[in-house]
Protein chains: 2
Amino acid sequence: MHTSIAKHIQNHIHPSAIDMQKIFSILNEVSVSKGAFLLKPGTRVKHEYFVVKGCLKAYYMDGKGSKHILQFAVENWWIGDFEAFYNQGNSNLYIEAIEDAQLLSINHDALQVLYEDAPIFERYFRILITKAFISQQKRILSTQEKHTQERYLDFCKSYPSIENRVANYDIANYLGVTPENLSRVRKTLK
Amino acid sequence: MHTSIAKHIQNHIHPSAIDMQKIFSILNEVSVSKGAFLLKPGTRVKHEYFVVKGCLKAYYMDGKGSKHILQFAVENWWIGDFEAFYNQGNSNLYIEAIEDAQLLSINHDALQVLYEDAPIFERYFRILITKAFISQQKRILSTQEKHTQERYLDFCKSYPSIENRVANYDIANYLGVTPENLSRVRKTLK
DNA sequence: TATCCCAATTGATATAGGTCAATGAGATTA
DNA sequence: TAATCTCATTGACCTATATCAATTGGGATA
């Protein structure tokens, strides 16, 4: 169960065997079935999740009842409500399984202890959040610079592993356009 | 010169006096005059900058020659091309002073040594990038959820210290709309 | 004071994408 | 097989914002 996360960690930092034991000891296995929720708004956020198997989406529901997908996650991605996790507040997001999923959860308080005990993980999560920051920055630029067609093509190119696992209306939502618009754009690409 | 950054650091972590000496020893003072550039595309990015005094903007110039402001920075903010700094690649951004500015620069290689030598700073920068990630996430949601008027009002509320120091066409650019559109929106608010 | 320069505003028009409503098509269930 | 259900597509129309082109206004400079 820990093979994939071990590899992911070792791709980013060089922990000792003891460090690895320490993080393994605070990870817990979680399963979610397709269509079920890992997180709903109003819940106190105590965990972030590493995806071992499956596919999920994290979305915000605004005051008018519209969804806005912030993130998809497939194998070897972390997912969570990072804002609420950081602030230790209540969630604003839904996290829903698009496919049956197996995850590893890490608890907030245990993570703070781990940071003291094995500071190398401070680096691991710093690197991950930095990469996430960089891709968000690209997403912001992409939205301002490009029209739907180009953004859709970029999405398919950047996330081929996601494009064929999620519905087009979810891709449209992630891109910030309507399913109708994406459908018309796709038509011109055929 | 180090007073403001010392305070900023101590607002986020609890370093020893020795830790503080260590980070001070790798900070360098930099000045930029209004209208001058701290960074231009194609330059190897070796530094990030803490703003002691002044106001700056970081923007990307796309293939069609349109600017896209990613970030403003005033006193006590960090600014830089975080992507190129992280990847140690060439810059894609312009960083331009909107007012005469005094900055403290931190060198990439010196920072890596500092991380080994005083790991508490791994935490400091992890926290800062996490906060930056959170505000970017809000910016993405805001763009998808709200029209110009509401985004403009949010901007003024969130960044009162910036709103009255930068030109409206720069605010419009940051919001991803034209100056004409922002002007019309502002008219309806009077 | 008069002259520049920008930024801001205003007007007229164009367009990408949204909204609403209906239809199709593939998969699942009775 | 028939009946659902869900997602994708298509059509007609609407709207927020972009674009292009003047014009205005206020601060700096000669």
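The values are calculated or read from the model by the stated rules, or taken from the named source; none is laboratory data. Treat the numbers as computed from the prediction; the structure is a model and nothing was measured. In this analysis, Cβ positions are derived from the backbone assuming ideal geometry, glycine residues included, and neighbour counts consider all displayed protein chains. Please note that ligands, DNA and RNA were not included when accessible areas were found on the heavy atoms of the full protein model with its side chains. Shrake-Rupley method; radii C 1.70, N 1.55, O 1.52, S 1.80 Å.
Annotations
- Residues of the stretch B:154-190 that are within 28 Å of A:TYR60 (Cα to Cα), of a type in the set (A, V, I, L, M, F, W, C) and touching a residue at least 60 places away in the same chain (Cβ under 8 Å): B:ILE162 alone.
- Restricting B:THR178, B:THR188 to those that are within 14 Å of chain A (Cβ to nearest Cβ), within 12 Å of DNA strand D (Cβ to nearest atom) and open to solvent by 60 Å² or more (accessible area, probe 1.4 Å) reduces the list to B:THR178.
- Taken together, A:LYS131, A:LYS157 contain a single residue that is open to solvent by 30 Å² or more (accessible area, probe 1.4 Å), out of contact with any Lys or Arg (no Cβ under 9 Å at 6 or more places or on another chain) and within 11 Å of chain B (Cβ to nearest Cβ), which is A:LYS131.
- Near pairs, Cβ below 9 angstrom, 6+ apart or cross-chain, from the stretch A:135-153 (under 17 Å from A:GLN71 (Cβ atoms)) to any residue that is outside any helix (DSSP H, G or I) and within 15 Å of DNA strand D (Cβ to nearest atom): A:ILE140/B:HIS68; A:ILE140/B:GLY176; A:THR143/A:GLY176; A:THR143/B:GLY176; A:ARG151/A:GLY176; A:ARG151/A:VAL177
- Within the stretch A:70-95, considering residues that are small (Gly, Ala, Ser) and either within 13 Å of chain B (Cβ to nearest Cβ) or not in a strand (DSSP E or B) (or both), the one nearest to the chain's Cα centre (by Cα): A:GLY80
- So B:SER105, is it exposed (fewer than 15 other Cβ atoms within 10 Å of the Cβ) and small (Gly, Ala, Ser): no
- Annotation note: of A:SER31, A:SER66, A:SER91, the sole residue that is in contact with a strand residue (DSSP E or B) (Cβ under 7 Å, 6 or more places away or on another chain) and either within 16 Å of DNA strand D (Cβ to nearest atom) or in contact (Cβ under 8 Å) with a residue 60 or more places away in the chain (or both) is A:SER31.
Residues checked against (1) of a type outside the set (Ser, Thr, Tyr); (2) touching a Phe, Trp or Tyr at 6+ places or on another chain (Cβ under 9 Å); (3) within 17 Å of B:GLN137 (Cβ to Cβ):
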position: A:LEU39; (1), (2), (3): yes, yes, yes
position: A:GLU48; (1), (2), (3): yes, yes, yes
position: A:LYS53; (1), (2), (3): yes, no, no
position: A:TYR59; (1), (2), (3): no, yes, yes
position: A:ASP62; (1), (2), (3): yes, no, yes
position: A:GLY65; (1), (2), (3): yes, no, no
position: A:ILE69; (1), (2), (3): yes, yes, yes
position: A:ALA73; (1), (2), (3): yes, yes, yes
